[in-house]
Amino acid sequence: AVEANDTCANGFPADFVWGLGTAAYQIEGGWNATNRSPSIWDVFSHTKGAVAGGDTGDVADDVIHRWRDDIALMSELGLKHYRFSLSWSRMMSWDGHSMVPNEPGIAWYSDFLDGLLEAGITAHVTLYHWDLPQALHEHRGGWHTPDNERILTEFEAYATLAFERLGSRVATWFTFNEPWTFTVSGYSAGNHAPGCVPAQSGRGPCAGGDVTPYVVSTNVLNAHARAVAVYRTRFAATLGGRISITLNCEFARPLTNSAADAAAAERALQFWLGWWLEPLLSGDYPAAMRRNVGERLPSFSPEQRELLIGSIDLLGINHYSTHMVRDVADGERGDASSGWEADQHVVATFGAGWPQAASPWQRSYPAGLRGLLNWVAARYKGDIYVTENGWSCNSFTAAAAAADQEQLDYYTGYTEQVRLALVEDGVPVRGYFGWSLLDNFEWADGYSKRFGLYYVNYTTQQRTPKKAAAWWKETRSAC
Ligand code: PNW
């Protein structure tokens with residue numbers, strides 16, 4: 001129970017972590033500044049028809065050049081915690097055989113971290129927010145090659161470099177951001193980099209489909225475990241930081257009160273979040289996946305299991321919306337779909353009347369976040385941080401954005417559910433990071449979708465605070 005005198009006016013404990021997040025390719029720009037080389041997202045976004053409006057991250061929010069002003073913006077907001085990612089292609093370069101340190105890029109991040117420190121802002125850093133160096137995808141088998149020891153070695157070297165050169169100024173490391181999203185979108189649907197699609201389509205730079213996503217997940221989980229082992233054995237004692245992963249999940253509620261739909265909702269959560277969480281806790285994929293995916297689901301060796309189990313010091317959870325889920329019999333989907341989507345034997349829809357965001361996949365249902373946090377807390381007993389939550393605004397001009405009430409309603413509704421999970425349900429949720437500080441490159445949607453607390457004019461690069469920014473300053477930055 002929280003003592004009354006430790007509670008802020010917003011109803012949260014005084015030591016609750018409030019922060020905002022971004023990711024390298026979505027905000028940095030400076031595609032070739034600091035001797036940066038291409039990632040799979042540079043190649044993908046420059047592929048005709050891949051991204052809405054032909055948008056690319058070449059310039060984005062130009063943070064690479066405007067970072068001092070943007071740290072000032074954070075200070076103006078009273079921000080104490082900032083979550084961002086490193087671009088592997090800026091930190092390292094391809095020498096024809098492997099990735100090697102890229103000093104100008106490392107220096108940029110080093111200066112940026114010093115700037116945050118001077119502003120009294122704590123850094124929470126993600127190593128991989130979807131931007132694999134193109135050379136590792138092309139020449140080293142990427143994430144999509146079964147049992148790819150080469151990518152594990154490369155990721156371990158990258159993580160080690162980051163810990164060594166930047167670790168003294170980083171409180172929390174996250175190995176991967178949302179492996180679910182880049183695995184399903186990048187290696188099955190093909191609408192994210194690297195754009196792998198089912199082999200029979202004959203398109204795409206690699207064969208996605210009903211096997212590849214599970215190959216990718218196995219490589220990614222093993223890479224995570226390797227990086228965590230390095231941090232714990234070589235760095236944790238001296239640097240004192242913590243390390244984890246960020247997993248995302250939309251909550252699933254049963255569509256009807258039938259037992260079959262209740263089981264379907266649970267299965268959906270196992271396929272979305274359990275896919276990643278269960279190996280980190282028990283060393284294997286969930287039973288529901290073993291059952292439905294069968295031989296297409298790889299196994300972990302005893303050594304890999306040992307590294308995986310307990311490889312998180314805390315858990316980062318990203319959450320945006322909720323689905324109403326019903327059971328479907330085998331083959332009933334009738335859409336000839338295969339892979340992760342079909343393997344669950346469920347159909348997901350939205351609840352009637354839930355407010356629609358600009359992004360078609362998002363509707364507001366605040367209680368879903370409380371439900372999800374309780375689902376996680378029943379399985380994982382450590383500290384939980386909401387590492388992303390935010391709203392895709394229906395306002396598309398600076399003036400409309402400055403008055404956007406929907407985004408503010410989303411934040412007040414969802415943060416209240418976090419408070420209820422903490423105070424009423426006893427879920428150990430210790431922090432909340434809004435997505436995002438700035439409008440930015442929203443992946444396949446380009447600049448057409450806007451999640452920022454600050455509106456960005458992409459012609460002038462001017463930042464304009466939205467209504468939720470003022471709310472953040474008054475009620476989240478202040479105790
Ligand atoms: C996340 N879904 O992506 C990413 O971490 C961010 O980089 C991104 O900008 C943000 O959320 C908004 O999209 C998601 O379908 C993609 O549930 C898809 C889903 C959720 C999050």
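Since every read-out is calculated from the coordinates, none of them should be taken as a lab result. The structure displayed is predicted, hence computed values, not measured ones. No Cβ is skipped: glycine too gets one built from the backbone with ideal geometry, and neighbour counts run over all protein chains shown.
Summary of values
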{"quantity": "Cβ-Cβ under 6 Å pairs, at least 6 apart or on other chains, the stretch 75-89 side closer than 28 Å to W31 by Cβ, far side charged (D, E, K, R)", "calculated": "L77/K473; S87/D131; S89/R36"}
{"quantity": "Residues (surrounded by 18 or more Cβ atoms within 10 Å (Cβ to Cβ) and more than 12 Å from the ligand (Cβ to nearest atom)) located in the stretch 351-365", "calculated": "S364, Y365"}
{"quantity": "Among the candidates G434, G368, G390, residue that is in contact (Cβ under 8 Å) with a residue 60 or more places away in the chain, within 16 Å of the ligand (Cβ to nearest atom), farther than 28 Å from A24 by Cα and surrounded by 23 or more Cβ atoms within 10 Å (Cβ to Cβ)", "calculated": "G368"}
{"quantity": "T256 vs. criteria closer than 29 Å to G368 by Cβ, among the β-branched types (V, I, T), within 16 Å of the ligand (Cβ to nearest atom) and out of contact with any helix residue (DSSP H, G or I) (no Cβ under 6 Å at 6 or more places or on another chain)", "calculated": "no"}
{"quantity": "Filtered residues of the stretch 224-253 (kept if charged (D, E, K, R), more than 16 Å from the ligand (Cβ to nearest atom) and under 27 Å from L369 (Cα atoms))", "calculated": "R242"}
{"quantity": "Residue identified as in contact (Cβ under 8 Å) with a residue 24 or more places away in the chain, more than 16 Å from the ligand (Cβ to nearest atom) and on the phi > 0 side of the Ramachandran plot among Q405, Q417, Q461", "calculated": "Q461"}
{"quantity": "Residue within the stretch 133-140 that is more than 16 Å from the ligand (Cβ to nearest atom), assigned to a loop (DSSP other than H, G, I, E, B) and touching a Ser or Thr at 6+ places or on another chain (Cβ under 9 Å) present", "calculated": "yes"}
{"quantity": "Residues satisfying the stated conditions in the stretch 442-479, i.e. touching a Ser or Thr at 6+ places or on another chain (Cβ under 8 Å), in a loop (DSSP other than H, G, I, E, B) and farther than 18 Å from P360 by Cβ", "calculated": "G452, L453, N457, K466"}
{"quantity": "When residues of the stretch 2-59 are limited to those that are part of a loop (DSSP other than H, G, I, E, B) and at positive phi, the one surrounded by the fewest Cβ atoms within 10 Å (Cβ to Cβ)", "calculated": "G49"}
{"quantity": "S282 buried (at least 20 other Cβ atoms within 10 Å of the Cβ), polar (S, T, N, Q) and more than 27 Å from Q356 (Cβ to Cβ)", "calculated": "no"}
{"quantity": "Odd one out for N394 among (1) assigned to a loop (DSSP other than H, G, I, E, B); (2) farther than 23 Å from R363 by Cβ; (3) not charged (D, E, K, R)", "calculated": "(2)"}
{"quantity": "Residue within the stretch 143-161 that is within 30 Å of T212 (Cβ to Cβ) and within 16 Å of the ligand (Cβ to nearest atom) present", "calculated": "no"}
